[in-house]
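One structure is given here, and the rest of the page talks about it.
Just so it is clear, none of the values below were taken in a lab; they were calculated from the coordinates. Since the structure is predicted, the reported quantities are computational estimates derived from the model, not experimental observations. All Cβ positions, even for glycine, are placed from backbone atoms using ideal geometry, and neighbour counts span all protein chains on display.
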Amino acid sequence: MSMGEQQIFNSLIEFFEEDEWDFQWVEGMSVLSMGFSGKNGKWVCYAQAREKQQQFVFYSVLPVNVPDNKRSAIAEFITRANYGMVVGNFEMDFEDGEIRYKTSIDVEGAALLPPLIRQMVYANVIITDRYLPGLMSVIYGGKTPETAIASIEEETELLLDSDDDDDIGDDDDFDDVYFGQDFDVDEDNFDDDDFDENDDDDDEDFGMTNGFSNN
């Protein structure tokens with residue numbers, strides 16, 4: 001497929017350039033990779049154009065793989081977190097413990113305009129940043145999923161009651177986004193069916209190396 005036929009992918013490139021993100025194109029795929037630094041951590045994001053399905057998908061891949069003995073607890077954490085989510089959801093690969101947050105939109109019959117991309121991207125990173133400390137507290141701090149989620153919900157209520165209305169993309173919401181040496185993407189580790197635009201049921205593991213250590 002020529003670049004001229006990749007309307008969604010071209011829209012993504014234009015958006016991230018205008019929004020001043022530093023990103024890389026994953027060669028041979030309609031995927032952009034970039035690093036993000038939030039208030040509570042940093043991680044790697046992937047923007048995928050699914051041209052055949054007329055879909056845009058944005059992923060935040062969390063900077064830790066859940067140890068075997070914590071995956072059941074994190075599954076409960078994710079289930080509790082996802083309940084009531086309107087835009088996006090957390091998901092975990094039980095095989096390797098990878099966690100990611102996914103937002104997506106189907107634009108069949110319509111154009112993927114910058115405001116739509118912005119909503120999917122910033123809603124994603126705001127939610128990821130908000131839930132990251134709770135997730136880490138379950139893995140490493142001994143908190144129960146119920147307690148961790150309760151703490152997040154309490155903090156969210158306080159935020160909503162404050163003067164900060166948490167508009168998506170406020171200048172003071174996050175530090176600068178960047179892609180640099182802290183975010184190593186090993187393209188050799190992509191699974192064969194990662195980002196498969198021809199597979200309607202593709203929900204396989206990314207097989208990505210995000211450059212972070214569990215230590």
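Brief remarks on what is shown
- In this structure, the amide hydrogen of Gly35, modeled 1.01 Å from its nitrogen in the peptide plane, lies closer than 5 angstrom to those of Cys45, Tyr178, Phe179, Gly180, counting only residues at least 5 positions away or on a different chain.
- A P(r) calculated from all alpha carbon pairs of region 1-135, with 10 Å bins opening at zero, reads 12, 42, 32, 13, 1 percent.
- Charge dipole (Cα centre; +1 on Lys/Arg Cβ, -1 on Asp/Glu Cβ; no other charges) of region 10-76 amounts to roughly 460 debye.
- Listed by chain and number, the lysines whose alpha-carbon sits under 29 Å from that of Lys52, ignoring those within fewer than 8 places in the same chain, are Lys102.
- Overall, region 51-150 carries a charge dipole of about 340 debye about its Cα centre when +1 sits on the Cβ of Lys and Arg and -1 on the Cβ of Asp and Glu, all other atoms neutral.
- Added length on full extension, which subtracts the Cα-Cα distance from 0.36 nm per residue, Glu146 to Ala75: 24.4 nm
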